Amino acid sequence: MNIPSKYDPSTVEAKWYEYWMKNRFFRSTPDEREPYCIVIPPPNVTGVLHMGHMLNNTLQDVLVRRARMMGKNALWVPGTDHASIATEARVVNMLKEKGISKKDLTREEFLEYAWEWKEKHGGIILEQLKKLGASCDWERTCFTMDEVLSDSVVRVFVDLYNKGHIYRGVRMVNWDPQALTAVSDEEVIYREVRSKLYYVRYRVVEEDNYIIIATTRPETILGDTAVCVHPQDERFHAFKGKKVLVPLLDRPVPIIEDEYVDREFGTGALKITPAHDINDYELGIKHGLRSIDIFNDNGTLSEAAVLFVGEDRFRARELIVSELQNSGNLVRVEDYANKVGYSERTDAVIEPKLSIQWFLKMKKLAKPALDNVLNDTIKLRPAKFKNIYRYWIENVRDWCISRQLWWGHRIPAYYIGAHPGINDFVVADNAEVALKLAIEKTGNPALSAEDLHQDEDVLDTWFSSWLWPISVFDGIRHPDNDDINYYYPTNDLVTAPEILFFWVARMIMAGYEYRNEKPFNTVYLTGIVRDSKRRKMSKSLGNSPDPIDLITKYSADGVRVGMLLCSPAGNDLLFDESLTMQGRNFSNKIWNAFRLIRSWETDKGLAQPESSSVAIEWFGSQLNRTLIQIEDLFKKYRISDALMVVYKLFWDEFSSWYLEIIKPDRGKKMDEITFGRTIGFLERLLLALHPFMPFITEEIWQRIRQRRDGESIMISRMPEAERYDKQILEQFEQLKEIVANIRSIRKEKGIQNKEGIHLMMRSSTNGTYHSHLEPVLRKIINVVSVRPAEENMEKTISFIVKNVEYFIPLKGIVDENIEISKLENELSYTIGFLESVMKKLGNERFVQNAPAQVVEMEKRKRADAEAKIKVLKAQIRNLKGSF
């Protein structure tokens, strides 16, 4: 078989992925085998592959491929998320480029454009995952707005509403003025920013007196309905029961007292704006205050503001500060650092806003989700995330699940009549059922479908993805079907810590609510991919390479290895492109090792050399020990460490030692026993490597021996560890030290490899020379003989390995005068160094005043120098021949 001199991943990767797909090796259906299942964290349908996806999906593929090779019925379910906010924003921008405004379209017309955009762009990221080698069952690809999944979402909403868990009401929500929708608490990112703290006078009604308040948001003064002070703050006792005038508007508002007030903040007096601050909202309810909503949905000032109507909120801030200054109400302005909430999706500054929304009560749903993580029914890897998870669950708030968008799952609530009140609605799976419920609720049999109007809002995207491990198997609509009974609960979930609460916790809640069972056994939390400056990789910073470009440059296997080499579970990954280069170089190493082995010719008549027999015995044990280590590391989810173990096994033990020992001399042939065992070792190594590096391992595996069509390494069994000889491994490590010392002496003394050397050794009660390994020394470092040392060894150089002293005679090999001169120069330098150390230690002031560790270091220097002087003097005496 002709083997190319260079490995070409560009042709190999496409060839084998097509072969895997053609033979449906990724396909899984229920059978008698043990199942292994992972559901993909569905990427946004708007998305393209980024570095986080590369890490996450490489880890998933490693787990799935390994499970498949262990004889399990492995399934990796792929799919995408409809991503309401992000997709709608993309479609709106696309329409804008065509000169079309969303507000000029009906809902149905807009959705036609949205579906058209989705069909054109929505599958890009899944096609990119194929380039990475993802072994998903593509025949099971799901989309969160597919009919099955959409129907499941509606059914769950109706069920939770009927159970009393979902309610509709006016609440303070996080409003995104750019996306024009409410977002959940978890979708708000808080950042510390440099702001201003404005001190403003509020004049007391009918008095020549005033209270000064401090605020970071002077524009919300127009919505103030009270000023609040602490009841025990003596500074404000004189103001009890009085009113003040809101600046610029002269609207009288009460001075109220509440222990909520932080007396140390600002002046100790707070302006209260119930419509635009969550804490003010709570105080407003407690004290029966009026709420004045001064903002339109897009963040401009509404008619209720009276002043600056139509101005953007930040422009209004500038204008009102100017007016406050002109009116004499602005006392002073200070620099101030505070935290401001930003929308995770649009990066717009969040506006607290009173709004009628749909909410899901979380306390009851959250209990099993907390209990079963704390008791390790569901394991978080690494476990350090349990405390973070616990904190969030114990402080969970009701979930705002409605979004003011068109793209998504429309809320299945139907309002009755042309002007329905807040409770004039029914919740139903469809319009037909809704009409029946509306007739029952109103007692009006004359109602028709035209009298009902479905809620215009859609559900939060997470309200569909929290059902993902169930809905991909149609487990909501058909809770006893073969798929859900076989694959659920799934085995592992690989995801990022930042969606531990958005998604993971909610999936656990849904799992216990609808299956009374956990959705997965283990959650493997990856780190965040960062650059060398520890910045999160992003397109906006320009610090994130294109993953497809990396694959083109370094191969899919190279990128997979590079990502894994720097990705300990739960810790941030400091990505360095040199690691993907290292991955590519490893591929080349594997290829070159294969080519070397295949270049050897065999001879049936040749006996097996002793050195090869020893090498086979040693490497067989080394391989079996490593397979046990790999199994243990996978059980602990130390996947990067598992790769490193097999990487070192191939590069260091197999290539650098084993092949070096067994390779025939130039122009010579190899015995068939050694060749056969070597091919066997290579095959087992490829099997161990395959989950990490699927493409090159398939290419070489197919070339090792004749294969039939339909055979593949990916459906071959993972090698099982056999018993290994711990003693030979320990002995071989000693041999490696002997070799390293002899090579160092050859290099230092200029002794060429072709010159044979005689080795003498002196064992002790605590050290033993293992003579059965001697053939290896003869083979790889040209040791002509090994014999016991004489009592007095003259003109030799020595070294010690595990309490055995070894001597190499130098007579006739090196120039004794030159060696003696080198050693005397080194001795002179070391004596001078020792004198300087002794001088420092003899200085009583230094010893008493220097840190203990510094003094201790100097003492170690003294001991090292004294030991070195002793060795150098002995070597000089040996070379001169006088003891």
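The values are calculated or read from the model by the stated rules, or taken from the named source; none is laboratory data. Computed from a prediction, not measured in an experiment: that's the story for all the values here. So basically every Cβ, Gly included, is an ideal-geometry build from the backbone, and we count neighbours across all protein chains shown. Areas reflect the complete protein model, heavy atoms only, side chains present, ligands, DNA and RNA absent. Shrake-Rupley method; radii C 1.70, N 1.55, O 1.52, S 1.80 Å.
Worth a mention:
- Of all the residues in region 112-129, those that are surrounded by fewer than 16 Cβ atoms within 10 Å (Cβ to Cβ) and within 21 Å of His409 (Cα to Cα) number 6.
- Count of region 320-330 residues which are open to solvent by 40 Å² or more (accessible area, probe 1.4 Å) and either under 12 Å from Thr215 (Cα atoms) or without any contact (Cβ under 8 Å) to a residue 40 or more places away in the chain (or both): 3
- Residues (more than 19 Å from Phe463 (Cα to Cα) and within 45 Å of the chain's Cα centre (by Cα)) located in region 415-450: Tyr415, Ile422, Asn423, Phe425, Val426, Ala431, Val433, Ala434
- Matching residues in region 752-769 - criterion: being crowded, with 18+ Cβ neighbours inside 10 Å and in a loop (DSSP other than H, G, I, E, B): Tyr769
One line per residue, one yes/no per condition, for (1) at pLDDT below 95; (2) open to solvent by 30 Å² or more (accessible area, probe 1.4 Å); (3) assigned to a helix (DSSP H, G or I):
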{"position": "Pro41", "(1), (2), (3)": "no, no, no"}
{"position": "His53", "(1), (2), (3)": "yes, yes, yes"}
{"position": "Leu59", "(1), (2), (3)": "no, no, yes"}
{"position": "Arg65", "(1), (2), (3)": "no, no, yes"}
{"position": "Arg68", "(1), (2), (3)": "no, no, yes"}
{"position": "Arg90", "(1), (2), (3)": "yes, yes, yes"}
{"position": "Asn93", "(1), (2), (3)": "yes, yes, yes"}
{"position": "Lys96", "(1), (2), (3)": "yes, yes, yes"}
{"position": "Lys103", "(1), (2), (3)": "yes, yes, yes"}
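- Among residues of region 839-883 being of a type in the set (S, T, N, Q) and surrounded by 14 or more Cβ atoms within 10 Å (Cβ to Cβ), the one that is nearest to Leu827 (Cα to Cα) is Gln875.
- Within this structure, Lys367 passes the test of being surrounded by fewer than 19 Cβ atoms within 10 Å (Cβ to Cβ) and farther than 30 Å from Arg107 by Cβ.
- Qualifying positions in region 158-200 - part of a strand (DSSP E or B), farther than 23 Å from Phe501 by Cα and not charged (D, E, K, R): Gly169, Val170, Val193, Ser195, Leu197, Tyr198, Tyr199, Val200
- When region 576-587 is filtered for residues that are farther than 23 Å from Thr11 by Cβ and either at pLDDT 85 or above or crowded, with 24+ Cβ neighbours inside 10 Å (or both), the ones remaining, listed by number, are Glu577, Ser578, Leu579.
Residues checked against (1) open to solvent by less than 60 Å² (accessible area, probe 1.4 Å); (2) aromatic (Phe, Trp, Tyr):
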position	(1), (2)
Phe502	yes, yes
Met507	yes, no
Asn516	no, no
Phe520	yes, yes
Leu525	yes, no
Lys533	no, no
Asp546	no, no
Thr552	no, no
Asp572	yes, no
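- Qualifying position, being under 30 Å from Lys367 (Cβ atoms), open to solvent by less than 40 Å² (accessible area, probe 1.4 Å) and modelled with pLDDT of 95 or more, among Val148, Val173, Val154, Val200: Val154
- Per the listing Arg235, Arg263, Arg290, the residue uniquely in a helix (DSSP H, G or I), surrounded by fewer than 18 Cβ atoms within 10 Å (Cβ to Cβ), at pLDDT below 95 and more than 41 Å from the chain's Cα centre (by Cα) is Arg235.
- Selection count where residues are in contact (Cβ under 8 Å) with a residue 60 or more places away in the chain, under 24 Å from Asp652 (Cα atoms) and either touching a Cys at 6+ places or on another chain (Cβ under 7 Å) or of a type in the set (Val, Ile, Thr) (or both), scope region 729-761: 3
- Of all residues making up region 392-430, the number that are touching a strand residue (DSSP E or B) at 6+ places or on another chain (Cβ under 6 Å) and either surrounded by fewer than 16 Cβ atoms within 10 Å (Cβ to Cβ) or among the hydroxyl-bearing types (Ser, Thr, Tyr) (or both): 4
- Count of region 590-628 residues which are in a helix (DSSP H, G or I), out of contact with any Leu (no Cβ under 9 Å at 6 or more places or on another chain) and open to solvent by 60 Å² or more (accessible area, probe 1.4 Å): 7
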